[in-house]
Amino acid sequence: GGDPKTFQEINEAYDTLKDPNKKQMYDQYGTSDPQQMGGNPFGNSHFSFTGDPQDIQDIFGSFFGQGFAQPRRRQNRNISIGYTVDFKDVFNGIGTTLSYQLPSGKREIIDVRIPAGVKDGDSVRVQGYGDDSINGLPRGDLIIKIRVKNSAGWKRDGSDIYTNIDVDLLDLILGCKIPLQTPDNKQITITVAPGTNPGTTLSVTGYGVPNVNTSRRGNLYVTIKGKTPKLQQQELEGIRKIKDGINLRTK
């Protein structure tokens, strides 16, 4: 359904591409017709054919616009692989050795470091370790897609981490100090002031996850959950007397 003149020109371009003598004549004189040595059958356009399939695309691109032609590939393709890290490893980063197969069939082994602060779904790019199938082109890149395992009892939001701890109601009344192990195996102490209510959230500065760009660490947040102790009758009577005394003072 196209213009007959245009398709005639395309056929002539194909003939020139397939015939080495016509190709040489066209490259030198701008035409493959000996009787038109002073003219150009393709208007003001000029092609230099190399025999590469890309020349076909160049022909169509010249006749139908640049939107038809596809750009030449400048490097081999990138390769994507997955890698799973434990939640504790995002605090300090982790070095690991990866082994993966290239499309060419060769096996690649590489030492890489997963930076501190990566999130589930992040990607780490390693330049020059991708596909190498096409000789003469630079290798593609290796894209490592990160999956972070969940850690029981901990939740992450950006660079901050959250957890809950159960505290005996009597300890909330009297106040206490509670040891806590962070996901990266550091031991810290949470100070619960006397009279702390259940549901209170306490913060510890600088014990969250590092920011992957700035290395600045977020905060750790602990929400206090009250736990009722099991008491004997004599102990309950003692608490009842204390309660009655408090009620008398507040009247």
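The values are calculated or read from the model by the stated rules, or taken from the named source; none is laboratory data. Because the structure is a prediction, the values reported are computed rather than measured. Ideal geometry is used to build each Cβ from the backbone, glycine not excepted, and the neighbour counts take in all protein chains shown. What goes into the accessible areas is simple: the full protein's heavy atoms, side chains included, and nothing from ligands, DNA or RNA. Shrake-Rupley method; radii C 1.70, N 1.55, O 1.52, S 1.80 Å.
Can you pull out the residues in the stretch 211-235 that are more than 45 Å from the chain's Cα centre (by Cα) and either free of Cβ contacts under 8 Å to residues at least 60 places away in the same chain or open to solvent by 50 Å² or more (accessible area, probe 1.4 Å) (or both)? Quick ask: steps written out before the conclusion?
As a first pass, look at the stretch 211-235 and keep what is more than 45 Å from the chain's Cα centre (by Cα): 229-235.
Of everything in the stretch 211-235, those that are more than 45 Å from the chain's Cα centre (by Cα) and either free of Cβ contacts under 8 Å to residues at least 60 places away in the same chain or open to solvent by 50 Å² or more (accessible area, probe 1.4 Å) (or both) turn out to be 230, 231, 232, 233, 234, 235.
Can you name the residue in the stretch 150-170 that is among the aliphatic types (A, V, I, L, M) and free of Cβ contacts under 8 Å to residues at least 60 places away in the same chain and, of all such residues, is least open to solvent (accessible area, probe 1.4 Å)?
Taking the stretch 150-170 first, the residues among the aliphatic types (A, V, I, L, M) are 152, 161, 165, 167, 169-170.
Narrowing the set further to residues that are free of Cβ contacts under 8 Å to residues at least 60 places away in the same chain leaves 152, 170.
Details: 152: 100, 170: 70 Å².
Only one residue tops the list, namely 170.
Could you say whether any residue in the stretch 171-181 is of a type in the set (S, T, N, Q), without any contact (Cβ under 8 Å) to a residue 24 or more places away in the chain, part of a loop (DSSP other than H, G, I, E, B) and closer than 28 Å to residue 120 by Cα? So that I can check it myself, show each step before the final result.
Here is the first cut: in the stretch 171-181, the ones of a type in the set (S, T, N, Q) are 181.
With the extra rule that they be without any contact (Cβ under 8 Å) to a residue 24 or more places away in the chain, the set shrinks to 181.
Pick out the ones that are also part of a loop (DSSP other than H, G, I, E, B) and you get none.
No: zero hits.
Looking only at strands (runs of 3 or more DSSP E) that lie completely in the stretch 92-153, which have at least 1 residues being among the aromatic types (Phe, Trp, Tyr)? Steps first, please.
Numbers: elements: 94-101, 107-114, 123-126, 142-148.
Strands (runs of 3 or more DSSP E) meeting the threshold: 94-101.
Go over the candidates 131, 141 one by one and state the one that is over 24 Å from residue 212 (Cα atoms), acidic (Asp, Glu) and surrounded by 15 or more Cβ atoms within 10 Å (Cβ to Cβ). Walk me through it before giving the result.
Details: 141 fails: over 24 Å from residue 212 (Cα atoms).
So the residue among 131, 141 that is over 24 Å from residue 212 (Cα atoms), acidic (Asp, Glu) and surrounded by 15 or more Cβ atoms within 10 Å (Cβ to Cβ) is 131.
Closer than 23 Å to residue 115 by Cβ, outside any strand (DSSP E or B) and under 41 Å from the mean Cα position of the chain (by Cα): is that true of residue 208 in this structure?
On the way: closer than 23 Å to residue 115 by Cβ: yes; outside any strand (DSSP E or B): yes; under 41 Å from the mean Cα position of the chain (by Cα): yes.
Yes; evaluated as a whole, the condition is true for this residue.
Can we say residue 191 is open to solvent by 60 Å² or more (accessible area, probe 1.4 Å), outside any loop (DSSP other than H, G, I, E, B) and farther than 18 Å from residue 91 by Cα? Let's see the steps before the verdict.
Numbers: open to solvent by 60 Å² or more (accessible area, probe 1.4 Å): yes; outside any loop (DSSP other than H, G, I, E, B): yes; farther than 18 Å from residue 91 by Cα: yes.
When the stated conditions are applied, residue 191 passes them.
Please state which of the following conditions residue 74 fails to meet, knowing it meets all the rest: (1) at pLDDT below 95; (2) surrounded by 11 or more Cβ atoms within 10 Å (Cβ to Cβ).
(2)
Please go through (1) assigned to a loop (DSSP other than H, G, I, E, B); (2) within 34 Å of the chain's Cα centre (by Cα); (3) farther than 17 Å from residue 93 by Cβ for residue 197 and return the number of the only condition it doesn't satisfy.
(2)
Mind listing whichever residues of the stretch 116-138 are of a type in the set (Val, Ile, Thr) and within 15 Å of the chain's Cα centre (by Cα)?
Quick first cut of the stretch 116-138, residues of a type in the set (Val, Ile, Thr) only: 118, 124, 126, 134.
Of everything in the stretch 116-138, those that are of a type in the set (Val, Ile, Thr) and within 15 Å of the chain's Cα centre (by Cα) turn out to be 118, 124, 126.
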